[in-house]
Structure formats: structure tokens, C-alpha cells
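Colleague: Sharing a structure below in C-alpha cells format, with a few things to ask.
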Amino acid sequence: MPHKRANNPAAIVVGGGPAGLTAAISLAEGGVQTVLVGLRPAKADNRTTALLAGSVAALDTLGVWSMCADQAAPLRTMRIVDDTGRLWRAPEVKFSADEIGLDAFGHNIENRHLIDALARRARNLPALSIIEDEVVAVSSQADAVAVNLKGGQSLRAQIVVGADGRQSLCRGAAGITTREHRYPQTAMTLCLSHSRPHHDTSTEFHTPAGPFTLVPLPGNRSSLVWVLDSATADEISALDDPALAARIEQASHSILGKLQVEPGRGLFPLTVSTARRFAAERIALVGEAAHVLPPIGAQGLNLGLRDAATIAELAVAAQRAGRDVGGTNVMSVYDRMRRADVGSRAIAIDLLNRSLLSDFLPVQSARGLGLYLLDRVGPLRRAVMREGVAPAASQPRLMRGEAL
Ligand SMILES: Cc1cc2nc3c(=O)[nH]c(=O)nc-3n(C[C@H](O)[C@H](O)[C@H](O)COP(=O)(O)OP(=O)(O)OC[C@H]3O[C@@H](n4cnc5c(N)ncnc54)[C@H](O)[C@@H]3O)c2cc1C
């Protein structure tokens with residue numbers, strides 16, 4: 001990839017996944033000279049991401065959405081179906097985007113198409129250089145951060161954005177530890193084609209082992225995230241294609257007709273891990289370097305994109321005001337802003353997941369009552385939908401469609 005003014009950047013982004021690419025593009029779009037150091041992913045990412053409306057607005061504002069919109073499917077209706085077979089069964093709940101004046105809650109896209117569009121946009125920004133290498137050391141000093149690359153190069157900048165995933169080296173360099181919990185479940189992911197249309201509707205069956213979620217892709221295709229106990233996930237993912245398709249059709253109550261599974265199955269052990277701080281020592285964490293959430297409720301990368309948009313907004317504002325881009329003010333405001341958003345979502349997902357696994361009757365009835373109220377009480381349902389799509393407390397400018 002081309003090298004453009006890589007010597008003296010104001011910001012270095014470590015990690016070329018979707019969160020890192022978005023942070024780098026946002027910084028460069030706002031006029032902050034940026035270097036992105038990233039490795040190509042070791043293996044293809046066959047997952048899809050349900051991007052909520054704010055994420056789509058941000059990608060649109062950054063000039064990325066027009067490069068991948070054709071490969072995304074709108075999510076206009078979301079159904080939750082209680083398939084626990086337990087005594088306290090909740091009614092089916094249906095959320096429609098038009099109830100809150102939206103055309104769609106968001107769009108579902110295969111990660112490979114999203115990453116490809118982000119990478120193409122990143123290559124075309126004069127203020128952004130890309131170096132394909134591995135970062136081997138990050139060390140903070142009073143007025144800068146030094147970054148050493150495996151290839152021997154050294155870089156310095158005022159701020160490092162750590163977007164280097166779950167095993168983040170940047171997080172360790174900032175002295176930030178995590179809170180972690182491992183669930184006894186694994187998510188199996190794949191894409192499939194089907195004989196019946198999905199009508200732009202995602203369907204989440206709540207089963208005693210976890211959610212089984214079908215999310216639309218363009219045409220008669222959908223992605224599946226099936227949360228199972230880990231032993232069953234291993235057993236099911238080892239089936240051949242026709243046997244697996246039959247199991248999925250059975251679990252989906254044939255709502256999409258005959259199924260054909262596509263190549264590329266993923267298995268992801270369910271973990272929640274959140275950083276105790278989101279920034280320190282001139283290093284700000286974004287994406288999975290800061291938080292890993294179970295794939296329930298499509299929150300993970302949507303949070304990651306809000307991280308990226310927030311740190312870029314703060315750094316751009318600091319540069320324009322002639323202040324230190326990685327100074328203590330930027331670090332502490334970023335930490336405070338992201339802590340509330342990530343923390344509240346991690347708790348909500350944890351409660352939902354635990355309520356499905358619980359055999360304790362009062363917990364099951366509380367979950368049933370919650371869904372019952374969502375079904376029956378329109379203002380509550382609409383408030384939950386609005387908060388899910390665009391959290392009132394943490395919408396950075398890019399998510400509101402405003403350029404930096
Ligand atoms: C089954 C499943 C389904 C999901 N579905 C959704 C969904 O519908 N909606 C949603 O919002 N989220 C979803 N998520 C979450 C989402 O996939 C993640 O949040 C997202 O992929 C994380 O992106 P990232 O850029 O933070 O990390 P990564 O994609 O892990 O990128 C990190 C990058 O950093 C690079 N790197 C690491 N170390 C170094 C180093 N030392 N030097 C240089 N580069 C380095 C790596 O090579 C990698 O490319 C799902 C997750 C799972 C498991």
C-alpha cells in the first residue's frame with residue numbers, strides 16, 4: 001500500500017479491523033494526520049454485522065456507505081419469539097421501524113464487504129497513510145507515544161488509538177486491565193440461502209440455550225447466529241451441509257422454507273470483557289480492544305464505531321483549538337463518554353442471556369413480563385426501540401450525520 005507522509009503523524013491507529021479503519025478515516029477526514037498500522041486478518045471473517053441506523057449514518061458521512069450499500073439488506077422488522085417451551089412463555093414481540101418514523105432500524109452486511117469498502121476509502125485520503133506491519137511495542141512519554149513495528153520502523157505521535165482487538169497490545173501498554181466473564185455457550189455463525197423471502201425481517205428465537213437469530217441479507221439469503229451450549233455447538237458444526245441445513249430448518253420452524261448453508265462456518269465462545277478504563281497514557285481503546293460482548297442484540301461493532309467516532313471528534317476538536325490531541329483532557333472525556341454507553345449495554349446483554357439460561361422460575365417470569373410489557377405498551381416499546389437504535393446519551397456527531 002502507498003506510504004503518504006507517514007513520518008510525523010499526530011495520530012497512530014493500531015489495527016486494521018472495522019473499528020480501526022473507521023477511527024483512522026474519521027481522524028483523517030477531520031484533518032488529523034494519521035498513520036494506520038495493521039496486519040491483514042489471518043483468516044476470512046465470514047460474519048455479518050447488523051449496523052444500526054447511527055452507524056450507517058456515520059459510514060455515509062465518511063463516504064464509505066455508498067461503496068457497500070448494495071451489499072447490505074435493510075432491517076425493517078425485528079421479531080422476538082419465545083421458544084423456551086417453559087411454563088412462563090412470553091408473547092411474540094414485533095418491532096417495526098416505521099413505528100419510530102424510520103425506514104429501517106439498520107442494515108445487515110457481510111463483514112468482508114464492509115471491511116473492503118472501509119479499506120478502499122482509507123486508501124484515498126491524503127491525511128491517512130497505511131502501513132501493513134505488526135506493532136511490537138508501544139511506549140508512552142510525557143509529550144508523545146512511540147510505536148515500534150516488527151519491520152524495524154519507529155513512529156511517534158501525540159495519540160495512539162488502540163484498535164488491535166481482543167488481545168490488545170495497546171491496552172497492556174496503557175496499563176489497562178479488563179473485567180472478564182466466560183459463558184458456557186458458543187455462537188455458531190454462517191450464511192444461508194432459503195426458498196422463502198425474509199421480508200426484511202430479522203427473527204430471534206429465544207431458546208433455553210440462548211438466542212437463535214436469523215438476519216436478512218440481500219435476496220433470499222440470511223445470516224445465522226446460533227447460541228448453543230458449547231458441546232452441542234461442536235457437535236452441530238461438525239455436521240455435513242445437508243444435515244446442518246435440516247437442523248437449522250427445524251430450529252427455525254421452517255419460517256424461511258428450504259435452506260442451503262454456504263461455506264464458512266464460525267464458532268465463537270461467548271465472552272464478555274470490558275476494559276476498566278477506555279483511555280490512559282495517550283492511548284485510547286476502540287472496538288474489541290475496549291469491549292467484547294456476546295453476539296446478542298447486535299451491539300459489538302455498533303459500539304466500536306461509536307468509540308471510533310467519539311475519539312475522532314475529540315481529537316479533531318483539540319487540534320482545531322490548538323490543544324494537545326492526546327492530552328489528559330481528551331483522554332478523560334473519552335473515558336467518561338464511552339464508559340456509560342458500553343457499561344449499560346454490557347449489563348443489558350448479560351441480564352438477557354442469564355435470564356434465558358436460568359431455570360429459576362421468578363427469573364423466567366420476569367423476562368416473560370418484560371416482553372409482555374414491550375408487546376402491550378406502545379410508548380415503552382417505542383422508547384426501547386429508539387434507545388436501541390440511537391442511544392440518547394452517546395451519539396457522536398458522525399452518528400447524527402454531521403461531518404467532523
Ligand atoms: C458471532 C458474532 C456476531 C457478531 N455480530 C455483530 C452484529 O451483528 N453487530 C455488531 O455491531 N457487532 C457484531 N459482532 C461484534 C463484531 O464482530 C466485533 O465488534 C468486531 O468485529 C470487532 O472489530 P475490531 O475492529 O474491534 O477488532 P478486529 O476485527 O479483531 O480487528 C483487530 C485488528 O487488529 C490487528 N492487530 C492485532 N494486533 C496487532 C498488532 N500488534 N499490530 C498490528 N495489527 C494488529 C488484527 O490483525 C486485526 O485485523 C459480532 C461478533 C460475533 C463474535
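Colleague: Just checking, which of Gly304, Gly326, Gly401 is surrounded by fewer than 17 Cβ atoms within 10 Å (Cβ to Cβ) and at pLDDT 75 or above?
Modeller: Testing whether each residue is surrounded by fewer than 17 Cβ atoms within 10 Å (Cβ to Cβ) and at pLDDT 75 or above leaves just Gly401.
Colleague: Here's another thing I want to ask about it. Criterion first (farther than 27 Å from Pro184 by Cβ and small (Gly, Ala, Ser)) does Gly210 satisfy it?
Modeller: Taking the combined requirement at face value, the residue does not satisfy it.
Colleague: Take the residues of segment 34-54 that are within 30 Å of Ala315 (Cα to Cα) and near the ligand (Cβ under 6 Å from one of its atoms): which is surrounded by the fewest Cβ atoms within 10 Å (Cβ to Cβ)?
Modeller: Out of the qualifying residues, it is Pro41.
Colleague: Continuing with this model, one more query. Scan segment 94-115 and report the pairs whose first residue is among the acidic types (Asp, Glu) and whose second residue is assigned to a helix (DSSP H, G or I), with Cβ atoms within less than 8 Å and a gap of 6+ or a chain change.
Modeller: Qualifying pairs under 8 Å: Glu99/Gly378; Glu99/Arg381; Glu99/Arg382; Glu99/Met385; Asp103/Ala97; Glu110/Gln71.
Colleague: Still on this structure, I have one more. Being within 14 Å of Gly20 (Cβ to Cβ) and touching a Phe, Trp or Tyr at 6+ places or on another chain (Cβ under 6 Å) is the filter; apply it to segment 278-301 and report the residue that is surrounded by the most Cβ atoms within 10 Å (Cβ to Cβ). I'd like the intermediate steps shown before the answer.
Modeller: Taking segment 278-301 and keeping what is within 14 Å of Gly20 (Cβ to Cβ), we get 283-290, 301.
Remaining after also requiring touching a Phe, Trp or Tyr at 6+ places or on another chain (Cβ under 6 Å): 284-285, 290.
Working: Ala284: 34, Leu285: 30, Ala290: 28.
Checking each candidate, the answer is Ala284.
Colleague: Return the only residue of Asp70, Asp83 being out of contact with any Leu (no Cβ under 9 Å at 6 or more places or on another chain), more than 18 Å from Gly326 (Cα to Cα) and at pLDDT 95 or above.
Modeller: Asp70
Colleague: Another one. Quick check on segment 249-269: of everything there that is closer than 20 Å to Glu204 by Cβ and among the small types (Gly, Ala, Ser), which residue is surrounded by the most Cβ atoms within 10 Å (Cβ to Cβ)?
Modeller: Per the stated criteria, the residue is Ser252.
Colleague: A follow-up question, please. Which of the residues spanning segment 269-303 are in a loop (DSSP other than H, G, I, E, B), more than 17 Å from Ala174 (Cβ to Cβ) and either of a type in the set (A, V, I, L, M, F, W, C) or more than 14 Å from the chain's Cα centre (by Cα) (or both)?
Modeller: Leu293, Ile296, Ala298
Colleague: Ok, one more. Taking interchain pairs and intrachain pairs at least six residues apart, which have beta carbon atoms under 9 angstrom, with the first residue in segment 1-25 and within 11 Å of the ligand (Cβ to nearest atom) and the second at pLDDT 95 or above and among the basic types (Lys, Arg)?
Modeller: These pairs meet every condition: Ile12/Arg156; Leu21/Arg121.
Colleague: Same structure, new question: Quickly run through segment 101-160 and pick out the residues that are at pLDDT 95 or above, in contact with a strand residue (DSSP E or B) (Cβ under 8 Å, 6 or more places away or on another chain), away from the ligand (no atom under 14 Å from the Cβ) and not in a strand (DSSP E or B).
Modeller: Passing the criteria: Arg123, Ala127, Ala144, Gln158.
Colleague: From the list Gly264, Gly219, pick out the single residue that is at pLDDT below 95 and at positive phi.
Modeller: After ruling out the rest, the residue left standing is Gly264.
Colleague: Moving on. Sort out which residues of segment 279-319 are away from the ligand (no atom under 16 Å from the Cβ) and touching a residue at least 40 places away in the same chain (Cβ under 8 Å), and write them in order of number.
Modeller: Ala280, Glu281, Arg282, Glu313, Ala315, Val316, Gln319
The values are calculated or read from the model by the stated rules, or taken from the named source; none is laboratory data. Please read all numbers here as calculations on a predicted model, not as lab measurements. A quick note on method: Cβ atoms are made from the backbone with ideal geometry, for glycine too, and the neighbour counts reach across all protein chains shown.
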